[in-house]
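Have a look at the structure below, then the notes.
The values are calculated or read from the model by the stated rules, or taken from the named source; none is laboratory data. Worth saying up front: this structure is predicted, and the values here are computed from it rather than measured. Neighbour counts are summed over all protein chains in view; Cβ atoms, including those assigned to glycine, are modelled from backbone coordinates with ideal geometry. For the accessible areas, the whole protein counts, side chains as well, though only heavy atoms, and no ligand, DNA or RNA atoms are used. Shrake-Rupley method; radii C 1.70, N 1.55, O 1.52, S 1.80 Å.
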Amino acid sequence: MVAGRRGAAWPPPEIELGEDEIDNLGAYDIGEVIARVGENLGFDRPPVIIVNGRQVLNARDFLGFPPDALVRVEALPPQAAAAYGEDPSRRVLNIVLVPTFKSRDGLARASRPTAGGRSSLSADVRQSEIVQNDTRQFGVLIAHDTSLRADERTAYILSHPGREATTLRPAIDAATANFSMTRAQGDWSTSLNASAHSQNTRFTAMAGGHVVETRQETRN
């Protein structure tokens, strides 16, 4: 009995990265893994992404999963894209996922300049699940950026006197929620994506010699 290797692509890969090499990339998600692999291999165009050796309806559905969901990443030989109906000048990356995976994880970022100015804070949490060729993921991103005031930039005030109360960059509060799922049905697959986004922007500007405070809200 001969068993084929899970997720093997055709033609066979020119370069293969295993779990240890993927961990060494220090990426947050599969999208970052692909970007860093492309940089390391000198790709001059975004690669064609296949999953478990097969083309998928929407490869972006898989890019938000943690790198721990990967068994390996395969870089197929040049011109392999022609076999998948893509531009032969693009390279093909095959991402092979573990058969069963479930995780909850998050990432927090904070930044603040040493000389005063705009600071940022964000938190990204997600829940991911893989069962064979079916996937599901839900994520929430919350971000807060303070405004950059004119009085925090001396050079600007010297060239624009009287504008100390204005803002050079607005304060932004944003929240985004995303849900995606894929289902395999034989040679067919289905994909569902949903997202919601809310953003609140505040800034001040000069109008007719007066300081005007403005607030903008968007909901998608």
request  = Could you tell me whether the stretch 187-202 includes any residue that is open to solvent by less than 70 Å² (accessible area, probe 1.4 Å) and part of a loop (DSSP other than H, G, I, E, B)?
outcome  = no
query = Looking at (1) among the aromatic types (Phe, Trp, Tyr); (2) more than 30 Å from residue 102 (Cβ to Cβ); (3) in contact (Cβ under 8 Å) with a residue 24 or more places away in the chain, can you tell me which one residue 179 breaks?
reply = (2)
request  = For the stretch 68-85, name all the residues that are open to solvent by 20 Å² or more (accessible area, probe 1.4 Å) and either within 14 Å of residue 34 (Cα to Cα) or part of a strand (DSSP E or B) (or both).
outcome  = 68, 71
ask   = Would you say residue 88 is touching a Pro at 6+ places or on another chain (Cβ under 9 Å), in a loop (DSSP other than H, G, I, E, B) and not β-branched (Val, Ile, Thr)?
value = yes
request  = For the stretch 46-63, name all the residues that are surrounded by 20 or more Cβ atoms within 10 Å (Cβ to Cβ) and closer than 17 Å to residue 181 by Cα.
outcome  = 50, 51, 61, 62
remark   = Filter the stretch 107-151 for residues that are among the hydroxyl-bearing types (Ser, Thr, Tyr) and not in a strand (DSSP E or B); the one that is nearest to residue 195 (Cα to Cα) is 146
query = Regarding residue 147, is this residue in contact with a Pro (Cβ under 7 Å, 6 or more places away or on another chain), more than 26 Å from residue 61 (Cα to Cα), among the polar types (S, T, N, Q) and open to solvent by less than 40 Å² (accessible area, probe 1.4 Å)?
reply = yes
request  = For residue 33, indicate whether it is part of a helix (DSSP H, G or I), open to solvent by less than 80 Å² (accessible area, probe 1.4 Å) and either out of contact with any Asp or Glu (no Cβ under 6 Å at 6 or more places or on another chain) or of a type outside the set (A, V, I, L, M) (or both).
outcome  = yes
key: Total residues in the stretch 46-56, condition outside any strand (DSSP E or B) and either at pLDDT 95 or above or under 12 Å from residue 93 (Cβ atoms) (or both)   = 3
request  = May I ask you to verify whether residue 43 is part of a loop (DSSP other than H, G, I, E, B) and either touching a His at 6+ places or on another chain (Cβ under 9 Å) or open to solvent by less than 10 Å² (accessible area, probe 1.4 Å) (or both)?
outcome  = no
task = Name every residue in the stretch 13-27 that is surrounded by 12 or more Cβ atoms within 10 Å (Cβ to Cβ), out of contact with any strand residue (DSSP E or B) (no Cβ under 6 Å at 6 or more places or on another chain) and in a loop (DSSP other than H, G, I, E, B), in order of residue number.
result = 25, 27
key: the stretch 99-121: number of residues that are surrounded by fewer than 16 Cβ atoms within 10 Å (Cβ to Cβ), touching a strand residue (DSSP E or B) at 6+ places or on another chain (Cβ under 7 Å) and not polar (S, T, N, Q)   = 10
ask   = Give me the pairs: first residue in the stretch 44-57 and in contact (Cβ under 8 Å) with a residue 24 or more places away in the chain and at negative phi, second residue open to solvent by less than 20 Å² (accessible area, probe 1.4 Å) and in a loop (DSSP other than H, G, I, E, B), beta-carbon distance under 6 Å, and six or more apart or on different chains, which are they?
value = none
